[in-house]
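The block underneath contains the structure these notes are about, expressed in structure tokens.
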Amino acid sequence: MGDAMVAALVCALAGAACLLALGAPPPSGGGRSRSRLVSALVAAVAALPFVRRARDAELLARRRAACLSELPALLDIVTLGLSAGLSFDSSLELYCERYRNDLSRAFDEAMLSWRIGARTREEALALLADELGVTALGRFATVVAEALAFGSPLAEALERQAQVMREEQRAQVEEAIEKVPVKMLVPLGTLIVPAMFLAILGPLLGSALVVG
């Protein structure tokens, strides 16, 4: 089934549920039967592969955005730890102890994998960047691997990376703000306007069916 057909099916099921909820006469079983029918329609929409993929993609996008927003704090803590004479592992552990979020939990798991010998530090960091799909995290893994391998100053490299990352985030925020008016046209045309028609016409259709 193509995406267009799936989208049409979703709209049809959602419209049927709205009509039932807004005033269409209940079936012979009464209001309880109508409630079960609406619940079944909602469950059918949620079970569609198209809807599941969209939900999973949204959750992954939210996780990526959260990790990307938390990455500058990670770089700052690790840089401070390195400047104070701590090792990379100790500095990273300091961040994981002070912050409890998606990024710290992901680094906790990565540290555990290289400490028990399941992976090398470079492999664990690269795998973490691939799983989260955050480009900046991949650059962080590369900088750490090269600095630890060649003995170059890691704190200075991370400080520069944090500055570049904050500039990129600022540019992304400005770009997102500019796109807001355009993005609002999609829900306005596909969701809000049809919902207004359903809210206005639903009771009228229900009354007409009862009278008929």
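A few points about this structure:
- For Tyr99 and Glu123, the difference between the fully extended length at 0.36 nm per residue and the C-alpha to C-alpha distance is 6.3 nm.
- Applying 0.36 nm per residue to the separation of Glu168 and Ser152 and subtracting their alpha-carbon distance, the gain on full extension is 3.3 nm.
- The residue list Leu80, Trp114, Leu137 was ranked by how far each Cα lies along the charge dipole of the stretch 45-158 toward its positive end, using unit charges on Cβ atoms, and Leu137 comes out on top.
- Three-way shape label, the stretch 63-173, alpha-carbon gyration tensor, a/c 1.5: rounded
- Put simply, when 94-106, 66-78 are sorted by average Cβ atoms within 10 angstrom per residue, most first, you get 66-78, 94-106.
Any read-out appearing in this document is the output of simple, stated calculations on the displayed coordinates, not a laboratory observation. Everything quoted here is computed from the prediction, not taken from an experiment. Neighbour counts are summed over all protein chains in view; Cβ atoms, including those assigned to glycine, are modelled from backbone coordinates with ideal geometry.
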